[in-house]
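The values are calculated or read from the model by the stated rules, or taken from the named source; none is laboratory data. Because the structure is a prediction, the values reported are computed rather than measured. Neighbour counts are summed over all protein chains in view; Cβ atoms, including those assigned to glycine, are modelled from backbone coordinates with ideal geometry. All accessible areas refer to the heavy atoms of the entire protein, side chains included, with ligands and DNA or RNA removed. Shrake-Rupley method; radii C 1.70, N 1.55, O 1.52, S 1.80 Å.
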Amino acid sequence: MATTTAYQVPANLSPTAIANTSSLLRIVALALISAAAIASRLFAVINFESIIHEFDPWFNYRATKVLASEGFYAFWNWFDPTAWYPLGRVVGGTIYPGLMATSGVIFYALKAINLPVDIRNICVLLAPGFSALTAWATYMFTKEMKDESAGLLAAAFIGIVPGYISRSVAGSYDNEAIAIFLLMFTFYAWIKALKTGSAFFGTVAALFYFYMVAAWGGYAFITNMIPLHALALILMGRYSGRLYVGYSSWYAVGTLASMQVPFVGFQPVRTSEHMAALGVFGLLQIIAFAELVRSHVSSKQFRALLFASVIGLGLLGTAGIVGMTYKGWIAPWTGRFYSLWDTGYAKKYIPIIASVSEHQPTAWPSFFMDLQFLIFLFPAGVIMCFRQLRDEHVFVIIYAIVASYFAGVMVRLMLTLTPVVCVAAAIAFSTLLDTYLNPEQPEEETPSAAVPSTAAPSETSSAKKGKKAAPAPATLAELVSNATGPESTKRKTGIFGLDTRLLVILNALGMLVFFVWHCTWVTSSAYSSPSVVLASANPDGSQHIIDDFREAYYWLRQNTPEDAVVMSWWDYGYQIAGMADRPTLVDNNTWNNTHIATVGKAMSSTEEVAYPILRKHDVDYVLIIFGGLIGYSGDDINKFLWMVRIAQGVWPDEIQEPNYFTRTGEYKIDDQASQTMKDSLMYKMSYYRFAELFGGQQAVDRVRGQQVPKTGPTLDYLDEAFTSENWIVRIFQVKKEDLLGRDLKSANSFDQGKKKKRSKPSSRRRAIL
Amino acid sequence: MLLWYILTLFILPFSLAAPKDSNAIHDELVKLAKANNGVIKLDERTYDLLTSPKRTWSAAVQLTAMDAKRRCAPCKEFDPSFKEVGRSWSTVPAEERNSHFFATLDFDNGMTVFQKSAPIVHVYPAAEGPRKPANGRTAPSTYDFSFGFEAGPLAEQLSHHTPIPIPYQAPFNWSRWGVLKNKWTWAVGTVLTSLVMTSGYMFTRIRGAPWSGGNGQWIAPGYQNQFGQETQVVAMIYGLLASAFLMLTVVTPYTTSPSRQKAQVYLWSVVIFIMYSVLLSLFRVKNKGYPFKLLL
Amino acid sequence: MLGPWRSSVSFFFLAIAPFVSAGHSFENTAIVRTVELGGTVVHVTTTYAVKALEDGSNIYTIALGQKEHEATSALTAKIKGQMAPLEVEKLGAQDGDFQLYDIRLPGYLKAGGTTNLVVETVQTHVTYPYPEEASQKDGQSLKYEADLLVLSPYDTAVQRTKIRSPFPQIHSYTEPNVEFTEDAPVTKSGATLTYGPYKNVFPSANKHFVAEKQQRIYVHYSYDHPVLEIVKLERAAEISHWGANLNIQDNIHLRNAGPRLKGHFSRLEHQSQAFFQRSAPHMLPGLTLHLPAGIRDVYFYDLIGNVSTSQLRTAPSVPKGSQNTQFSVLELKPRYPLMGGWNYSFTLGWDSPLADSAGWDQDLGKWIVGVPVMTVIPGTVIDEEELKIILPEGATEVEFFAPFPALNDELSTAVTYLDTTGRPAVTLRYKNLTDTHAGIVYVAYKVPFSAHLKKPLAVATALTGLFVLAFVWKRVDTRIQK
């Protein structure tokens, strides 16, 4: 070889030896990556314990326990009377069973080989386990995009990137835990099917799509990504038999399979979310036919005409779908989905969705926090994809646009952005490494031909022509030769010298190391606390665990009757069901707005008004979260306004948000708080006897940073039943009607020997109901 | 009757002499051209006429082999383009139209003429008269197929030899919106979108965040909050870093002089390092307690 | 070092050995019954000063009233000043009025010979909180009920009953009128009540007497410790020779048997009381357990996860057989303070080196492992216990020796990690255990060498299979057309 090399590489190696070594290295690398992925998610277990996190996971965990103990059919037909008391909930038909089924299968499999692992541990460790699989799937996917090295990088990135860890630490037993793996693998199978045109991979994609549908509501993302990709390819005039086979097999099998999930049912042919897939499917059939015709005639115009007509038909189809939507044969976008486009929609019409913190838009720090340096490698990677615009690259590009938009709209959708960012970044990064690790040096050129040095843009612009290289005038020839780029003039391009290489490589390595630090720090500090247990530091710096939630829940579980109905704001529904094992009025599966509004109304109205509501719903205990003592900011007083809003949505004339603000329009709980605020059940329960705790001193609410009135509120219709160690959880018992038929207020004041207070007769009558 | 006969006797020599006269030839060619909408179907004789040394017109001649038994796929592919260009030429005003001809000669009608492969297009400049090229080169030039077989480039190139450019209208054809066809426009679009999105544009949109806070502060306090201006700055930093990477990967390797390349490598590496530290410092402002920092 | 086992073994066999019973005639020169009041457990010591009326008499019969008999969870008889327990045989119930026991004296008494017989019984569930509800501020008082007279089939010259309360306050007590005495039937001095002396009580172990003369007395006294009761205790002891480890796990359902909390629990009250060190007597803030020395990996969790509020001070492990005085002390704190009537169920477990409690017995040619029946919580009764001892996989010839007979026992198989055939397990069930029952169950078994190899073989085969599969899958070409 004429070219010089920047550094020596062993020359006399048999290709087989090289192949074997590299494959071995690949396996080792993947193993290490999986290990790292799993290990970095165990902070939660090490810092705290093997416990289910957050809120939804508690429901999943409970459902899984039912599955594990009573078998699959019992689970399938499970009607849960304790949820949404008194309505109950048909669990089997209203969940995505994929997650529970997965851990159920694992549980039984292990049991079969005499490894009786506790179902809780399986649930806790499911997410880390699947994160390893995700890394593998990402590797396969990226391998299709560039090569193994890029694949390994991508796997490493997604293995430890906080954007994914945030939803998959040990204990966050939620659908996302397995969904991302399914997402990536489905995409991989799709790309594979597209490249090889094999119906087999199309079917594999379909099967994993089915798994995805069974596992996560976010499957709609796949349902629209793949058609979008296909459509883009068609419009780029890249229709091919491979596309046809791949897509058709995916769509046909996948759709039929997905309809087997009870919760999905006939949506694939009924709702707008799925229409894109159907439309593209139809379009492909038309085009396939057109291509058939075209292959027999050869007039260019005819082709153009045919193409136009195809497009026309396609548009017609879409128009038809739209028409049917208006007619109402096809359901329009669901609110959750629609709110992604019309970002103001949710706040207006579905406050429950808007009230969830993870549905807020994303500010840039979160992006950087979650993706660090990948976030700016990401565009570079996209450009790389544009450079050699193969079919699969189109996919990455579309994915990039769509996902980055979604991630911008909702914090939670950062999760869908993360994989593509990792892939793109990996492509960019590995290209950099390839360029600067390649030992070959180009030989210097005579200045005469220094023209192409600026050829990067021109090269690509004339790439198309380059394909038909033919004898041509000199000036032309040069362009063409540039155009054919790396292939024809490999030896011309490259890096001179060793220092340049070292500089870039060191810089890159530095970034990687930094990335690892960043991920470790973020994961350990931000994403590994199971919100059920709070950690604070003792004066001596050791960790002090605040365990109020479990204290209160366990008290409920052990010392209240089995059928005691507990009312709380919906955030805590799943936890109460899971840990306290008691019936709840509302929970995190927010399917019944009115029911939630009822609770909101009870919380935000006066005792007299609330009491009949409580009694009618057989409420025995009311549970609230109060952070005022130790400054736990996620408490009910801070969520109170949402309760008011949601209640107002249903009873506009009884509950008005403005009444809960001071005259100056501030949200206060001290002396200036509005009367409505002070009379509201929530306020009363939160600050009941709170001031007394401070003895003589001025009581201060540490969350609001405001001074609490000295004379605290009094309760006539409820009774403090339990308060946890740090007052975070307070449980009140609803009194039964007075035996003498007095209304409880007067009864109370009578017991306290006071003279009967004159209270609004109306309310009294209602109270006696 | 007899008189007629005599007349013919008279005329005959003229008529025989007629081909010698270029105008007559020209008229004939015009007719032929008109007859076969803009493209003359040649045989050996008409070919000689068309390319006669004292022609006052220019001509583009396609040598092809359309007959199936010749199995000339490219011929079949190229023929429509040539026809299309010829047709569109036939729409120009007469005097220009008649000063340039399109013609096609099939192999089976003029074996002798063929020397090289088919298809091939010879362009004959005028050998006499006003349109004789300045440099006097009257030898035919050959159309370069590296422009592809499409009609567009063909018309474009041939226009160099016609009195006025060929008013070639692509049929319903994508090449019209070349901008949209060019992937780099798309690339730029994509990258810009993702940059804007990942730097929190939607946040400012949805929350209606102000362009910048009062008293000239442009960084919003708080981790989950930001001003419009931040979006821009952050997007630009991201963009700069990304492009620096691209420069290192895509452009630098094509630099063929070691010194300039070295300069570039150092430059971009430094840019990356500095911008990265700027970004970090920015992040530390938003997220106190972030332990890491580079330069600043 | 095999001493203790031997003795226990022999004791076990003797205890079940039958012996002829023949009523001999005695008279009681004096009977003194001392009742040590407590929470759920009451200790009663009755001393019989016995005088034989004929030669060669060595079977002395005592009687317990029906209620007393039902409440009694343990009964031991000794000669005063001696350690060796005497054999006691329970006779058939006397149609629901009282219960007779035959006690075999160590030697034969000739006529006029005397001896002092000491009978110790432990009674459970004989007290109950009164009043039944107490608010957070109130104190706690219990009521104890018992029969006034000690029954005996023989004439009794004089008998008296002393009732000692652990705390000075005795709110009230019955003042019966008894025909066997002229002066006050009961005298109270400090924390002690004395019923009697009652003179010349004729043989009382008969229907007639019980119906006519016997009467119930009660004592209402204040008790300032939380009254605890373990409703159910499930102890599983797993022996692993591979890990040289004995794992013991208790599932405990604890209940505060004191007066039910009146009204509701106010954290404010509780915190201020704690602040002024005036906590309610019936409130249980935590327990202090004495676990064996040398334990490790102690875990304490309940249905919803680990309980982080507990302190452990472990003692180094001590050689087996040596007199063990030191313990690992666990200060166990429930999630919430246990008020009267509240429940708290939790799981407590630990590992301990197998060598501390197991040994190889040469002459039996067996392993012998000792497992304590329970972890003693003083003054607490265990209503039900299920003790399950899981032996190593493949253990054979299993036999066990309990310090006192179990209600029932069974042999089952338990399957756990990496087992192929499963492990033999011994299950014993008990009722109403108190601290007097703190004994050790010894299990003897053989483990053939092959059994030891089971696990590694199983694992090895599994892994090999895996590799072979992978190998085949990589190598075999499954494509249809090449």
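Some points to look at:
- Residue check, B:I237 surrounded by fewer than 23 Cβ atoms within 10 Å (Cβ to Cβ), in contact with an Asp or Glu (Cβ under 9 Å, 6 or more places away or on another chain) and in the same structural domain as B:M275 (by TED's automatic domain parsing): no
- Pick from segment C:402-427, criterion modelled with pLDDT of 85 or more, open to solvent by less than 20 Å² (accessible area, probe 1.4 Å) and farther than 11 Å from C:E238 by Cα, ranking: farthest from the other protein chains (Cβ to nearest Cβ): C:A402
- Out of A:R501, A:R557, sole residue that is assigned to a helix (DSSP H, G or I), of a type in the set (K, R) and open to solvent by less than 20 Å² (accessible area, probe 1.4 Å): A:R501
- From the list A:A449, A:A428, A:A456, A:A469, the lone residue that is surrounded by 18 or more Cβ atoms within 10 Å (Cβ to Cβ), at pLDDT below 90 and at the interface with chain B (Cβ under 9 Å from one of its Cβ atoms) is A:A456.
- C:V376 passes every criterion in (1) closer than 17 Å to C:I252 by Cα; (2) crowded, with 18+ Cβ neighbours inside 10 Å; (3) of a type in the set (A, V, I, L, M, F, W, C) apart from (2).
- Qualifying residue in segment C:211-232 (condition: at pLDDT below 90, assigned to a helix (DSSP H, G or I) and touching a strand residue (DSSP E or B) at 6+ places or on another chain (Cβ under 9 Å)): no
- In segment A:586-607, residue farthest from A:N60 (Cα to Cα) [restricted to those that are free of Cβ contacts under 8 Å to residues at least 60 places away in the same chain and open to solvent by less than 30 Å² (accessible area, probe 1.4 Å)]: A:K601
- First in segment B:136-152 and of a type in the set (S, T, N, Q), second anywhere and in a strand (DSSP E or B), Cβ under 8 Å, 6 or more apart: B:T138/B:Y124; B:S141/B:H122; B:S141/B:V123; B:T142/B:I120; B:T142/B:V121; B:T142/B:H122; B:T142/B:V123
- Residue match in segment A:515-529 (condition: within 14 Å of chain C (Cβ to nearest Cβ), open to solvent by less than 40 Å² (accessible area, probe 1.4 Å) and closer than 24 Å to C:S310 by Cβ): no
- Residue identified as in a helix (DSSP H, G or I), more than 22 Å from A:S430 (Cβ to Cβ) and open to solvent by 10 Å² or more (accessible area, probe 1.4 Å) among A:F208, A:F185: A:F208
- Hits in segment B:144-164 - residues which are part of a loop (DSSP other than H, G, I, E, B) and within 15 Å of the chain's Cα centre (by Cα): B:D144, B:G148, B:F149, B:E150, B:S159, B:H160
- Only one of the numbered conditions (1) touching a residue at least 12 places away in the same chain (Cβ under 8 Å); (2) within 14 Å of another protein chain (Cβ to nearest Cβ); (3) among the hydrophobic types (A, V, I, L, M, F, W, C); (4) in contact with a helix residue (DSSP H, G or I) (Cβ under 9 Å, 6 or more places away or on another chain) is not met by C:V373, and that is (2).
- Helices (runs of 4 or more DSSP H) within segment A:29-133 that include 2 or more residues within 21 Å of the chain's Cα centre (by Cα) and within 22 Å of A:F208 (Cβ to Cβ): A:56-76, A:98-112
- Across segment A:608-659, the number of residues qualifying as of a type in the set (D, E, K, R), in a helix (DSSP H, G or I) and either in contact with a helix residue (DSSP H, G or I) (Cβ under 8 Å, 6 or more places away or on another chain) or surrounded by fewer than 16 Cβ atoms within 10 Å (Cβ to Cβ) (or both) comes to 6.
- Among all residues of segment B:252-265, there is at least one that is among the β-branched types (V, I, T), in a helix (DSSP H, G or I) and under 33 Å from the mean Cα position of the chain (by Cα).
- Evaluating C:L391 against the criteria (1) farther than 29 Å from C:T127 by Cα; (2) open to solvent by 60 Å² or more (accessible area, probe 1.4 Å); (3) more than 14 Å from chain A (Cβ to nearest Cβ) leaves one unmet condition, (2).
This table checks each residue for (1) outside the structural domain of B:G148 (by TED's automatic domain parsing); (2) crowded, with 18+ Cβ neighbours inside 10 Å; (3) in contact (Cβ under 8 Å) with a residue 24 or more places away in the chain; (4) not hydroxyl-bearing (S, T, Y).
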{"residue": "B:K54", "(1), (2), (3), (4)": "no, no, yes, yes"}
{"residue": "B:K76", "(1), (2), (3), (4)": "no, no, no, yes"}
{"residue": "B:V92", "(1), (2), (3), (4)": "no, yes, yes, yes"}
{"residue": "B:E96", "(1), (2), (3), (4)": "no, no, yes, yes"}
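- Residue in segment B:244-267 that is most open to solvent (accessible area, probe 1.4 Å), counting only those that are under 30 Å from B:R284 (Cβ atoms) and facing chain A (nearest Cβ under 8 Å): B:Y266
- Whichever residue in segment A:214-260 is under 22 Å from A:L313 (Cα atoms) and among the aromatic types (F, W, Y) and, among such residues, is surrounded by the fewest Cβ atoms within 10 Å (Cβ to Cβ): A:Y244
- Check on A:F263, free of Cβ contacts under 8 Å to residues at least 60 places away in the same chain, open to solvent by 20 Å² or more (accessible area, probe 1.4 Å) and among the hydrophobic types (A, V, I, L, M, F, W, C): no
- The single condition from (1) surrounded by fewer than 24 Cβ atoms within 10 Å (Cβ to Cβ); (2) in contact with a Ser or Thr (Cβ under 6 Å, 6 or more places away or on another chain) that A:A564 fails is (2).
- Every residue from segment B:181-235 that is more than 7 Å from chain A (Cβ to nearest Cβ), farther than 21 Å from B:S281 by Cα and aliphatic (A, V, I, L, M): B:V188, B:L192, B:A209
- Residues that are among the aliphatic types (A, V, I, L, M) and either at pLDDT 85 or above or surrounded by 17 or more Cβ atoms within 10 Å (Cβ to Cβ) (or both), drawn from segment A:275-298: A:M275, A:A276, A:A277, A:L278, A:V280, A:L283, A:L284, A:I286, A:I287, A:A288, A:A290
- Listed by position, the helices (runs of 4 or more DSSP H) contained in segment A:360-414 that have at least 1 residues being open to solvent by 20 Å² or more (accessible area, probe 1.4 Å) and facing another protein chain (nearest Cβ under 10 Å) are A:374-387, A:391-409.
- Note on segment C:231-247: residues that are surrounded by 21 or more Cβ atoms within 10 Å (Cβ to Cβ), closer than 29 Å to C:G286 by Cα and not small (G, A, S) total 4.
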